[in-house]
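Colleague: Here it is: the structure, laid out below.
The values are calculated or read from the model by the stated rules, or taken from the named source; none is laboratory data. Bear in mind the structure is a predicted one, so any value in this text is a computation, not a measurement. Note that each Cβ is placed from the backbone with ideal geometry, even for glycine, and that neighbours are counted across all protein chains shown.
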Amino acid sequence: MCRNIRILFNFEPPATEDEIHAAALQYVRKVSGATHPSKANEALFQEAVERIAEVTALLVHGLSTSAPPRDRTVEAARAREKNRKRFGGAA
């Protein structure tokens with residue numbers, strides 16, 4: 001799956017609508033193979049993004065867990081360390 005789509009569930013504070021929309025956009029781009037649709041496909045592309053964002057919001061806000069919420073700063077630090085190890089340097 002696309003590496004740019006991030007986990008959105010079980011964070012404190014919860015995922016924002018902007019984060020959900022960005023994930024939906026990345027998904028539609030990946031599935032369609034287009035980062036910018038042609039004029040002929042633009043309306044369908046945007047409709048797909050909006051519908052997927054709606055369903056994603058239902059999923060993310062409807063799931064439950066007994067695990068403690070993730071901390072965004074801790075997760076970001078883990079991602080930076082993983083990238084540093086993978087790519088070297090001061091990622």
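Colleague: Could you please give the count of residues in the stretch 39-66 that are surrounded by fewer than 16 Cβ atoms within 10 Å (Cβ to Cβ) and in a helix (DSSP H, G or I)?
Modeller: So the answer is 13.
Colleague: For the condition over 19 Å from the mean Cα position of the chain (by Cα) and among the charged types (D, E, K, R), what is the one hit in Lys82, Lys30, Lys39?
Modeller: When all the criteria are applied, what remains is Lys39.
Colleague: In the stretch 36-75, which residue that is basic (Lys, Arg) and within 16 Å of Thr16 (Cβ to Cβ) is modelled with the highest pLDDT?
Modeller: Among those that are basic (Lys, Arg) and within 16 Å of Thr16 (Cβ to Cβ), it is Arg70.
Colleague: Looking at the stretch 73-80, is at least one residue loosely packed, with under 12 Cβ neighbours inside 10 Å, assigned to a helix (DSSP H, G or I) and polar (S, T, N, Q)?
Modeller: Yes, some residue in the stretch 73-80 is loosely packed, with under 12 Cβ neighbours inside 10 Å, assigned to a helix (DSSP H, G or I) and polar (S, T, N, Q).
Colleague: Filter the stretch 10-38 down to the residues that are of a type in the set (Gly, Ala, Ser) and assigned to a helix (DSSP H, G or I), then identify the one that is surrounded by the fewest Cβ atoms within 10 Å (Cβ to Cβ).
Modeller: The selected residue is Ser32.
Colleague: Moving on. Determine whether Phe45 is in contact (Cβ under 8 Å) with a residue 60 or more places away in the chain and of a type in the set (A, V, I, L, M, F, W, C).
Modeller: Taking the combined requirement at face value, the residue does not satisfy it.
Colleague: Between a first residue in the stretch 22-39 that is within 15 Å of Ala53 (Cβ to Cβ) and a second residue that is of a type in the set (S, T, N, Q), which pairs have beta carbons less than 6 Å apart while being 6 or more apart in sequence or on different chains?
Modeller: Cβ pairs passing all conditions: Ala24/Thr56; Gln26/Asn4; Arg29/Thr35.
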